[in-house]
1. Can you run down the residue pairs with Cβ atoms below 6 Å, 6 or more apart or on separate chains, where the first is in region 23-48 and closer than 14 Å to residue 7 by Cβ and the partner is at pLDDT below 95 and exposed (fewer than 15 other Cβ atoms within 10 Å of the Cβ)?
2. Only one of these is surrounded by fewer than 16 Cβ atoms within 10 Å (Cβ to Cβ), touching a Leu at 6+ places or on another chain (Cβ under 8 Å), not in a loop (DSSP other than H, G, I, E, B) and not hydrophobic (A, V, I, L, M, F, W, C): 44, 15. Name it.
Amino acid sequence: MPSTDCLQPSLTPEERSIVKGYGGWTAFMQSFLLKPSENDDVEEAKAILKGLAVGE
């Protein structure tokens with residue numbers, strides 16, 4: 001598990017399931033070319049994740 005996975009924000013069960021499918025928070029963010037250490041990127045990842053969870 002990458003050390004940046006500990007930076008994962010609190011997620012709903014649906015969001016957690018989606019992130020798990022990507023292999024973790026870091027892999028999820030990297031798949032969208034986002035950096036877990038950048039606050040703006042984290043906010044963008046959360047917005048993407050929220051959109052994906054609505055489609056579930």
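The values are calculated or read from the model by the stated rules, or taken from the named source; none is laboratory data. None of the values given here were measured: they were computed from a predicted structure. Note that we place each Cβ from the backbone using ideal geometry, even for glycine, and neighbour counts take in every protein chain shown.
1. So the pair list comes out as 26/2; 36/7; 41/35.
2. 44
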